[in-house]
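Heads up: the structure comes next, in structure tokens.
None of the figures in this text is laboratory data; all of them are computed from the coordinates on show. On a predicted model such as this, the values are computed, not experimentally measured, just so you know. A quick note on method: Cβ atoms are made from the backbone with ideal geometry, for glycine too, and the neighbour counts reach across all protein chains shown.
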Ligand SMILES: [Zn+2]
């Protein structure tokens, strides 16, 4: 990577995200979308996408798809995941306190003192993750938050009162934290992982539509459910669409803040551009197309290597059907799976541009094999 070039690009940064699209992003982030319960966010996303695509469809589990130029033999997917980590109500005590289990990789360490929304069939019930006062904790050896001791208090003193609020085992719970912009530089919020991705692929569709691009292939803009519990929505929709190429976007860790080891986690930073991945599931020639496109268009990028799997929907697409050439464009993010996830505005613009330019560079019937016979 040419450092000088990168700086020049940063100085001349032209935003892609408009005021109107940012308003949608804020609304989309503030709307909860727990794994397995994504429908209200999916509806909102499809409503935003509809003017930019020719067709839309959904599947039984809630994955939402927009299609540009349907009906062609060659099919390209751009994909993100729609679900956010959350909690399930697991056990209600006779005194009306609620214990939870994870739905996705929710972090027990950040739970104490957080306010939550409990999503009942009859609407939202407020609660808090309680925690014993510093005065009452006894001193010597402090017990940290764990799945065995964090609990919700919804202001009830009996299980009957809790049940009267329509809370039952299996009701989902999300944090109430909302979107903000920090120092005019970062977007901050809950579950930017990976609804920033859903936003970015929708923005790609907007650009294609506004620039009146005529694609020679069918493009599927896919917002998949259930990534956080094992790439499940992507598995289902990859089988259904049977694409020829899949470009996935998700988040990855910025490693510039304390207590993260660059030796094991790599050296990645918010603001330095999209992250391109080297992993067995990332098809090498498709990845070269991404790298070449970034270089040609002056889009800054960073590199990451992954052992075995990327842990993203890329793996689900790559290993679907008879093997689908797949690649990953990641957005660097600070504080993953907390309520204050942070992404850099410029990175969002650059991911959108990189996906857009790659789609323009992609040829129908492109052969990604490293050798033919
Ligand atoms: Zn995640």
- Query: Which residue, 334, 195, 20, tops the fluctuation ranking in a GNM of the chain built on C-alpha contacts under 10 Å?
  - Reply: 20
- Message: Of all beta bridges DSSP finds with both residues in the chain, what is the antiparallel percent, to the nearest 5?
- Response: 65 percent
- Message: Helix 39-49 against the longest principal axis of the chain: what's the angle in degrees, Cα atoms only, rounded to the nearest 10?
- Response: 30 degrees
- Note on the structure: Expected sort for 339-348, 218-227 on mean C-beta neighbours within 10 Å, highest first, is 218-227, 339-348
- Item | Residue with peak Gaussian network fluctuation, the chain [Cα springs, cutoff 10 Å], from 23, 294, 246 | 23
- Item | Three principal axis lengths of the range 169-281 [C-alpha, angstrom, descending] | 47, 43, 34
- Item | Rg/Rg_globular for the range 17-102, with Rg_globular taken as 2.2 N^0.38 Å and Rg from C-alpha atoms | 1.45
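Counting other C-beta atoms within 10 Å, which of 181, 17 has the fewest, and how do the rest follow?
Values: 181 13, 17 19.
With the fewest neighbours first, 181, 17 line up as 181, 17.
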- For helix 232-241, report the angle its Cα long axis makes with the longest principal axis of the Cα atoms of the chain; keep it between 0 and 90° and round to the nearest 10°. 30 degrees
- With Cα atoms, 0 to 90° folded angle of helix 284-297 axis to the chain main axis: 80 degrees
- Calculated on alpha-carbon atoms, Rg and Dmax of the range 252-373 in Å: 15.1, 51
- Item | Length-normalised contact order of the chain in % [C-alpha pairs under 8 Å, at least 6 apart] | 22 percent
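For a quick check: sort 308, 115 by the number of other beta carbons within 10 angstrom, fewest at the front.
On the way: 308 9, 115 12.
Ordered from fewest to most neighbouring Cβ atoms within 10 Å, 308, 115 come out as 308, 115.
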- Task: Choose one answer from 166, 287, 31: the residue with the largest mean-square fluctuation in a GNM of the chain with alpha-carbon springs under 10 Å.
- Result: 166
- Task: Sort the following peptides by mean Cβ neighbour count (other Cβ atoms within 10 Å, averaged over residues), highest first: 317-329, 128-140, 353-365.
- Result: 317-329, 353-365, 128-140
- Task: Compute the Rg to Rh ratio over the chain from the alpha carbon atoms, using the Kirkwood formula for Rh, and round to two decimal places.
- Result: 1.00
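Can you sort 121, 83 so the residue with the fewest Cβ neighbours within 10 Å comes first?
Working: 121 7, 83 31.
The order, fewest Cβ neighbours first, is 121, 83.
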